[in-house]
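See structure below.
The values are calculated or read from the model by the stated rules, or taken from the named source; none is laboratory data. Note that the structure is predicted; figures quoted are calculated from it, not measured. Quick reminder, even Gly has a Cβ in these numbers, built from the backbone with ideal geometry, and neighbours come from all protein chains shown. Heads up: the accessible areas ignore ligands, DNA and RNA and are worked out on the full protein's heavy atoms, side chains in. Shrake-Rupley method; radii C 1.70, N 1.55, O 1.52, S 1.80 Å.
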Amino acid sequence: MAKVLVTGGAGYIGSHVVKLLGESGHEVVVYDNLSTGHRWAVLYGELVEADLADKKRLIDVVSSFKPDVVMHFAAYIVVPESVRYPLKYYRNNVINTLNLLEAMMERGINKFIFSSSAAVYGVPSEIPVSEEAPLAPINPYGESKATVERILRDLAISDSDFSYVSLRYFNVAGADPDGRIGFAYPEPTHLIIRALKAAKGEIDKLYIYGTDYPTPDGTCIRDYIHVVDLAEAHILAMNYLLDGGEKQVLNCGYGRGYSVREVVEAVKKVTGVDFPVEETFRRPGDPPVLVAKADKIKSILKWRPKYDDLECIIKTGWMWETKGIGSRRL
Ligand code: UFG
């Protein structure tokens with residue numbers, strides 16, 4: 001059994017990983033400032049309510065817990081906000097990651113799993129996009145993730161004992177089927193969540209941002225991945241590092257894309273609600289198509305997704321929304 005420090009473990013993706021870790025008997029400490037996470041979302045382990053900017057606390061926690069592996073989820077994630085407040089994003093996503101890495105180095109902790117993003121690719125020239133494509137982010141959020149990836153690369157070069165897996169998430173959605181955790185963010189911007197909220201009547205209508213993209217139906221195409229499959233990838237990445245695996249950068253997507261219109265139709269079908277939809281202008285900064293080349297993670301980590309089905313992703317998200325746990329607890 002491993003000792004795992006999980007920053008951001010009270011958040012959407014982190015809490016799903018903590019659940020899997022706890023279920024398989026690993027010892028977990030969650031380090032989270034609860035700025036967007038929730039105490040109730042931490043189903044296993046100890047929660048340390050603290051900020052990554054507090055380096056002294058971080059070193060104390062790392063020193064006393066002595067984790068075998070650190071998983072780093074804590075970060076800001078809203079792209080338009082990053083354009084408006086770049087310094088906020090660089091401070092939290094880059095500087096605070098440096099604090100964490102320095103605390104690890106001071107205590108000889110050398111295995112790290114990083115939550116990266118498809119945003120590091122910007123507008124890729126080839127689809128599906130492979131891990132070898134250049135880092136070319138088009139917003140500060142993506143830039144902050146790409147910067148940390150470069151820092152990790154350099155750290156691994158300078159210290160042969162340090163190893164990491166950087167997981168580049170595509171469009172994460174859905175919720176754990178047992179209904180205790182799910183997406184619980186105050187003002188969601190993501191397509192599937194907004195469509196579910198429209199179906200629930202929590203918002204008046206769903207806007208489709210842009211119908212003149214160079215895609216078959218004119219709307220953007222994305223690679224939607226179920227949060228539990230993504231969580232599973234973290235467990236595999238952890239085992240890989242504990243077995244002595246060397247550094248890896250891996251796409252986390254299914255390798256298949258759906259257009260906004262296809263997602264909207266699927267949400268209407270699953271929920272049985274014909275909610276109002278309005279077509280409007282493009283949202284700035286949206287790449288037309290973002291689909292992962294997904295073979296590397298399958299061959300290196302032996303990742304075998306279980307929820308690779310758009311309707312299943314939507315169904316679990318709908319269960320979470322309608323059970324109301326997330327909304328009630330916000
Ligand atoms: N969209 C709508 N209406 C909405 C919300 C979204 O039409 O109400 C469209 C967007 O314009 C986009 C697609 O649905 O074409 C997907 O948008 P999301 O906001 O759900 O997700 P993004 O693809 O913008 O964002 C995801 C991650 C980011 C990451 C980015 C990389 O959530 O963290 O991919 O491009 F940076």
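Observations
- Kirkwood radius for region 81-145, taken over all pairs of different Cα atoms as the inverse mean of 1/r, rounds to 13.3 Å.
- Calculated diffusion of region 1-134, Stokes-Einstein form, Kirkwood radius summed over Cα pairs, 25 °C and 0.890 mPa s, µm²/s: 157 µm²/s
- Once exposed loop trypsin sites (Lys or Arg not before Pro) are cut out (DSSP; at most 11 other Cβ, 10 Å), longest piece of the chain: 1-204
- Relative counts (whole %) of C-alpha pair distances in region 52-115, using bins that are 10 Å wide: 22, 49, 22, 7
- Dmax and Rg, reported as Rg then Dmax, of region 251-330 (C-alpha, Å): 15.8, 43
- With all protein chains in place and a 1.4 Å probe, the accessible surface of the chain carries 51 percent carbon and sulfur.
- Counting DSSP beta bridges with both ends in the chain, the antiparallel % (nearest 5): 5 percent
- Helix 260-271 axis, angle to the chain major axis (alpha carbon atoms, nearest 10°): 90 degrees
- Ellipsoid semi-axes for region 159-286, based on the Cα gyration tensor and the rule √(5λ), read 33, 18, 12 Å when sorted largest first.
- Computed from Cα atoms, the angle from the helix 310-323 axis to the main principal axis of the chain rounds to 80 degrees.
- Candidate cross-link partners of residue 323 among the aspartates and glutamates, defined by an alpha-carbon separation under 19 Å and a same-chain spacing of 8 or more, comprise 176, 178, 187, 202, 311.
- Range of Cα positions in the chain per principal axis (Å), largest first: 55, 42, 38
- Residue-normalised accessible area of region 188-330, given per residue in Å² at a 1.4 Å probe: 46 Å²
- Dividing the Cα radius of gyration of region 217-297 by its Kirkwood radius returns 1.11 for Rg/Rh.
- Whole-number accessible area per residue in Å² for region 89-181, which is evaluated in the context of all protein chains at 1.4 Å: 38 Å²
- Within a straight-line Cα-Cα reach of under 24 Å, residue 88 can be paired with the following lysines, leaving aside sequence neighbours fewer than 8 residues apart in one chain: 55, 56, 145.
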